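A short worksheet on the structure shown next.
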Amino acid sequence: MWVSVGAAARAGVPDDMLKYFAGDVCLNTSRALPINEITQVDQLAGGLMLIESKVFTALADRYPERKYTLYDGELESKFNRGRTFAYEFYRRICGPT
């Protein structure tokens, strides 16, 4: 992250715009991707998907068994906002199913 911020600063990006260079896209792919067109990718972080929040509300209603209690570290996070639970919308699977 800081490498891209430093590179942007050295390239002359104004201070108030450096915040836009402080993240890495969680994108895994087996090939180079064009940046100017829609394309298929192998893996993409959920935060980058354009999914309306009502979709997640509907999933939570339909699959109540995916609700779980947050871990202590998650409960103490400054991003928590008082929640004690979350939903596993994306199942993590290791190996063939």
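The values are calculated or read from the model by the stated rules, or taken from the named source; none is laboratory data. Bear in mind the structure is a predicted one, so any value in this text is a computation, not a measurement. Every residue, glycine among them, receives a Cβ derived from its backbone with ideal geometry; neighbour counts consider all protein chains shown.
Cβ-Cβ under 9 Å, sequence separation 6+ or interchain: first residue in segment 76-91 and within 14 Å of Phe56 (Cβ to Cβ), partner at pLDDT 80 or above and charged (D, E, K, R). Which pairs?
Close Cβ pairs (under 9 Å, with a partner that is at pLDDT 80 or above and charged (D, E, K, R)) amount to Phe85/Lys67; Ala86/Lys67; Tyr87/Arg66; Tyr87/Lys67; Glu88/Arg66; Glu88/Lys67; Phe89/Arg66.
Quick one: which helices (runs of 4 or more DSSP H) lie wholly within the chain and hold at least 3 residues that are modelled with pLDDT under 85 and of a type outside the set (A, V, I, L, M, F, W, C)?
Passing ranges, in order: 72-75.
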